[in-house]
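Note sheet for the following structure.
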Amino acid sequence: MIGNTLQGKRFLVTGGARRIGRAICLRLAAAGAQVVVHYRNSRNEAEELRRELEAFCSDHEKVQCELTVRKEREQLIPWLIRNGSPLDGLINNASMYSRARLADCEPDAVQNDYAVNFHAPFQLMRDFKHHCGRGTIINMLDQRVHLVDPGAGSYGLAKKSLRDATEATAGEWAPNIRVNAVAPGFVLPPPGVDPAKMDGLLEEIPMQMQTSPEEVAEAVYFLTNAETITGEILFVDGGMHLGGPAAQEKQ
């Protein structure tokens, strides 16, 4: 039973138009929330999703923003507040995945990984704190934050930085703002990667199952309602973070 447990609440979901972000938007809307679907380039997908969300109510929005451009990012949350009801939640889902061994990480690549996967979500967290004052923040991490995976390069380091920020702000901003994270494992192959390439990983995952976007979205929904949980990282990965290097994608 879904129910309208988020009725009257408004959530910003970054990178919400596609993949896991899309599933999160649908789950929150099904629970009664008003969803702001953020996108960078996926305008058509965002508009299609916004129309689909109207099956739940007609108050959903889409918004375009390049989160790594400081001026655009700093205007996003204040603009949404001026042009609608207050924000009750921020889901930092937008990210960019890349693999390169640390010895091969070029400075520009490191800067880009951190800009997308740490600096942008962290600054949005601060903006939410300053402009909203109370509510819930959920950061999308990666099961690699529990492991040493040299092949994840600066992407892995950036996600670990976001993990640390999740835990630090949870303590600092309580009780008005709860900050949690969801760490998926093998959900969808990276764009452009043949799904068959990932099949071999399933044998190394304890549950030997691929996680669905809907299950990740369910974890996000759970954390939006868990009023005494903060500073938690919920791994939704079939136990992949327990499997060590054998369960990681091969370079």
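The values are calculated or read from the model by the stated rules, or taken from the named source; none is laboratory data. Quick caveat, the model's predicted, so the values are computed rather than measured. We place every Cβ from the backbone using ideal geometry, glycine too, and count neighbours over all the protein chains shown. Keep in mind that these areas ignore ligands, DNA and RNA; they rest on the heavy atoms of the full protein, side chains included. Shrake-Rupley method; radii C 1.70, N 1.55, O 1.52, S 1.80 Å.
Of the residues A115, A46, A109, A120, only one is of a type in the set (A, V, I, L, M, F, W, C) and open to solvent by 30 Å² or more (accessible area, probe 1.4 Å); which? Break it down into steps so the answer makes sense when it comes.
Details: A115 fails: open to solvent by 30 Å² or more (accessible area, probe 1.4 Å); A46 fails: open to solvent by 30 Å² or more (accessible area, probe 1.4 Å); A120 fails: open to solvent by 30 Å² or more (accessible area, probe 1.4 Å).
When all the criteria are applied, what remains is A109.
Consider the range 49-63 and keep the residues that are open to solvent by 60 Å² or more (accessible area, probe 1.4 Å) and not in a loop (DSSP other than H, G, I, E, B). The one that is nearest to S85 (Cα to Cα) is K62. Scanning the range 228-251 for residues that are open to solvent by 30 Å² or more (accessible area, probe 1.4 Å), at pLDDT below 90, part of a loop (DSSP other than H, G, I, E, B) and out of contact with any helix residue (DSSP H, G or I) (no Cβ under 6 Å at 6 or more places or on another chain) gives a single hit, K250. I'd like the full set of residues that are assigned to a loop (DSSP other than H, G, I, E, B) and surrounded by fewer than 16 Cβ atoms within 10 Å (Cβ to Cβ), limited to the range 204-220. Result: P206, M207, Q208, M209, S212.
How many of the residues in the range 123-154 are open to solvent by less than 10 Å² (accessible area, probe 1.4 Å) and in a helix (DSSP H, G or I)? Number of matching residues: 9.
Flag: V179 matches the condition of being β-branched (V, I, T), open to solvent by less than 30 Å² (accessible area, probe 1.4 Å) and either in contact with a helix residue (DSSP H, G or I) (Cβ under 6 Å, 6 or more places away or on another chain) or free of Cβ contacts under 8 Å to residues at least 12 places away in the same chain (or both).
Among the listed residues V37, V63, which satisfies the condition of being among the aliphatic types (A, V, I, L, M), touching a residue at least 12 places away in the same chain (Cβ under 8 Å) and closer than 21 Å to E215 by Cβ? Write out each step before concluding.
Values: V63 fails: closer than 21 Å to E215 by Cβ.
Step by step, each of V37, V63 is checked, and only V37 is among the aliphatic types (A, V, I, L, M), touching a residue at least 12 places away in the same chain (Cβ under 8 Å) and closer than 21 Å to E215 by Cβ.
Considering L188, L223, the condition of being hydrophobic (A, V, I, L, M, F, W, C), at pLDDT 90 or above and either buried (at least 21 other Cβ atoms within 10 Å of the Cβ) or under 21 Å from the mean Cα position of the chain (by Cα) (or both) is satisfied by L223 alone.
Yes/no matrix, rows are residues, columns are (1) of a type in the set (V, I, T); (2) without any contact (Cβ under 8 Å) to a residue 40 or more places away in the chain; (3) closer than 26 Å to F222 by Cα:
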| residue | (1), (2), (3) |
| --- | --- |
| E45 | no, yes, yes |
| L80 | no, no, yes |
| Y97 | no, no, yes |
| A103 | no, yes, no |
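If only residues of the range 195-220 that are among the small types (G, A, S) and within 22 Å of N139 (Cβ to Cβ) are counted, the one that is nearest to the chain's Cα centre (by Cα) is A217.
Quick test for you: out of K197, K159, pick the one residue that is part of a helix (DSSP H, G or I), under 19 Å from R19 (Cβ atoms), open to solvent by less than 50 Å² (accessible area, probe 1.4 Å) and among the charged types (D, E, K, R).
Every option except K159 fails the conditions.
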